[in-house]
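A.B. asks: Take a look at this one; I'll ask things after.
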Amino acid sequence: MTINFHDTKNKESYSKREIDPLWTITVSSFIPLTSIRQAADIGCGGGLYTKLLAEMGIPSVTGIDSSEVMIAEAMEQSKAFPGVNYQLGSADGTDLTDNELDLVFGRALIHHLPRLEAFFLEARRILKSGGVLLLQDRTPEDCFIEGSREHIRGYFFFLLPKLAAIEKSRRFPTEAVIKQMGKAGFHSIETITFWETRQTYAEKQQLLRDLLQRKGRSILHELSDNELDELVHRIDQLLPSGPVVEKDRWTLWKGIKR
């Protein structure tokens with residue numbers, strides 16, 4: 001089964017985590033933050049990165065998500081951010097005004113979409129001329145890096161070929177994303193890859209508990225409880241005791257609206 005973003009038991013899966021400071025440094029060097037006054041975070045989930053965009057100096061940031069549960073959690077976590085607001089909407093139907101935004105951001109969004117065209121056209125509609133579309137997601141190349149003490153996700157696909165097949169089917173290669181951005185009317189498209197620390201665990205057992213809860217890992221919702229127990233047991237055998245600094249490799253795409 002896939003993750004149910006509308007289930008209240010999953011409401012904190014994407015809302016309570018310390019974000020790697022490297023993310024801010026990387027994004028700040030990749031897009032012109034000083035010229036951005038209004039932004040939207042599409043598929044915002046619990047609002048982690050919506051708040052961070054505001055902390056980076058963007059005066060007005062709107063988080064958009066299709067889940068009422070996620071929007072309610074994001075609002076609860078963002079009470080101290082007056083420039084942040086949230087509303088229900090979809091990747092291809094945000095209900096935002098035409099030609100309004102300086103930045104549209106989508107993190108870990110596109111792998112949940114069956115096709116890219118509708119989202120890119122919606123992003124183009126709501127962006128001003130010269131506005132920036134910024135995407136962060138994992139390509140197949142990002143996902144299938146060998147598992148290690150830092151790259152825990154790599155173990156999922158080495159140990160369970162079933163998950164590797166599912167992951168491959170939902171991840172877009174870099175070239176496919178660039179092609180669709182160009183067709184939708186974006187130019188000066190650039191990409192970079194970087195490693196983002198997902199979580200630092202004082203000891204291995206904390207990581208294993210997170211895995212068993214499927215916390216922030218939609219791919220693990222594809223497993224039965226028994227399959228998940230077996231996967232976590234095998235990861236436990238592979239990892240030495242002690243602290244774990246878990247990292248994921250991501251790709252960033254940037255395009256400018258014509």
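The values are calculated or read from the model by the stated rules, or taken from the named source; none is laboratory data. Since this is a predicted model, take the numbers as computed values, not measurements. Backbone-built Cβ (ideal geometry, glycine too); neighbour counts: all protein chains shown.
A.B. asks: Sort out which residues of segment 71-91 are hydrophobic (A, V, I, L, M, F, W, C) and in contact with a Lys or Arg (Cβ under 7 Å, 6 or more places away or on another chain), and write them in order of number.
C.D. replies: Going through segment 71-91, the residues hydrophobic (A, V, I, L, M, F, W, C) turn out to be 71-72, 74-75, 80-81, 84, 88, 91.
Hits for segment 71-91 are Phe81, Val84.
A.B. asks: Run Pro114 past the list (1) at pLDDT 95 or above; (2) within 20 Å of the chain's Cα centre (by Cα); (3) in a loop (DSSP other than H, G, I, E, B) and report the number of the one that doesn't hold.
C.D. replies: So Pro114 meets the others, but not (1).
A.B. asks: A further question follows. When you go through (1) surrounded by 16 or more Cβ atoms within 10 Å (Cβ to Cβ); (2) outside any strand (DSSP E or B) one by one for Asn99, which number turns out not to apply?
C.D. replies: For Asn99, the failing item is (1).
A.B. asks: Also, quick follow-up: Count, please, the residues in segment 39-63 that happen to be surrounded by 22 or more Cβ atoms within 10 Å (Cβ to Cβ) and part of a strand (DSSP E or B).
C.D. replies: Number of matching residues: 7.
Quick grid of which residues meet (1) among the β-branched types (Val, Ile, Thr); (2) touching an Asp or Glu at 6+ places or on another chain (Cβ under 8 Å):
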residue: Val27; (1), (2): yes, no
residue: Thr34; (1), (2): yes, no
residue: Arg37; (1), (2): no, yes
residue: Lys51; (1), (2): no, no
residue: Met56; (1), (2): no, no
residue: Gln77; (1), (2): no, no
residue: Gly83; (1), (2): no, no
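A.B. asks: Still on this structure, please answer the following. Take residues that are farther than 30 Å from Ser29 by Cα and free of Cβ contacts under 8 Å to residues at least 40 places away in the same chain and tell me which of the helices (runs of 4 or more DSSP H) falling wholly in segment 123-238 contain 1 or more. Steps first, please.
C.D. replies: Details: elements: 140-143, 153-159, 161-170, 174-183, 204-212, 225-238.
Where helices (runs of 4 or more DSSP H) fall fully within segment 123-238 and carry at least 1 residues being farther than 30 Å from Ser29 by Cα and free of Cβ contacts under 8 Å to residues at least 40 places away in the same chain, they are 153-159, 161-170, 204-212, 225-238.
A.B. asks: Please verify whether Lys254 is assigned to a strand (DSSP E or B), basic (Lys, Arg), within 30 Å of Val104 (Cβ to Cβ) and modelled with pLDDT of 95 or more, treating the condition exactly as stated. Give the derivation first.
C.D. replies: Values: assigned to a strand (DSSP E or B): yes; basic (Lys, Arg): yes; within 30 Å of Val104 (Cβ to Cβ): yes; modelled with pLDDT of 95 or more: yes.
Yes: the conditions hold for Lys254.
A.B. asks: For segment 151-201: of the residues being of a type in the set (D, E, K, R) and under 16 Å from the mean Cα position of the chain (by Cα), which is nearest to Asp236 (Cα to Cα)? Lay out the reasoning, then the answer.
C.D. replies: Applying the first criterion (of a type in the set (D, E, K, R)) to segment 151-201 yields 153, 162, 167-168, 170-171, 175, 179, 183, 190, 196, 198.
This time we only want the ones that are under 16 Å from the mean Cα position of the chain (by Cα), so: 153, 167, 170-171, 196, 198.
Numbers: Arg153: 13, Glu167: 22, Arg170: 27, Arg171: 27, Glu196: 22, Arg198: 18 Å.
Step by step, filter segment 151-201, then rank; the result is Arg153.
Let's see how each residue does on (1) among the small types (Gly, Ala, Ser); (2) surrounded by 13 or more Cβ atoms within 10 Å (Cβ to Cβ):
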| site | (1), (2) |
| --- | --- |
| Phe157 | no, yes |
| Gly185 | yes, yes |
| Glu190 | no, no |
| Glu196 | no, yes |
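A.B. asks: Within segment 198-218, identify whether any single residue is crowded, with 16+ Cβ neighbours inside 10 Å and among the β-branched types (Val, Ile, Thr), and answer yes or no.
C.D. replies: First, the residues of segment 198-218 that are crowded, with 16+ Cβ neighbours inside 10 Å: 198-199, 201, 204, 207-208, 210-211, 214-218.
Within this subset, residues satisfying the condition of being among the β-branched types (Val, Ile, Thr) are none.
The answer is no; no qualifying residue exists.
A.B. asks: Kindly indicate which of Ala123, Ala74 is buried (at least 23 other Cβ atoms within 10 Å of the Cβ), over 21 Å from Leu252 (Cβ atoms) and in contact with a Gly (Cβ under 9 Å, 6 or more places away or on another chain).
C.D. replies: Being buried (at least 23 other Cβ atoms within 10 Å of the Cβ), over 21 Å from Leu252 (Cβ atoms) and in contact with a Gly (Cβ under 9 Å, 6 or more places away or on another chain) holds for just one of Ala123, Ala74, which is Ala74.
A.B. asks: Please specify each residue of segment 20-73 satisfying the condition of being closer than 23 Å to Gln87 by Cα and of a type in the set (Val, Ile, Thr).
C.D. replies: Ile36, Ile42, Thr50, Ile58, Val61, Thr62, Ile64, Val69, Ile71
A.B. asks: Sticking with this structure for a sec: Go through segment 1-31 and give me each residue that's surrounded by 13 or more Cβ atoms within 10 Å (Cβ to Cβ), at pLDDT 80 or above and either in a loop (DSSP other than H, G, I, E, B) or in contact with a Lys or Arg (Cβ under 9 Å, 6 or more places away or on another chain) (or both).
C.D. replies: Hits for segment 1-31 are Arg17, Ile19, Asp20, Phe30, Ile31.
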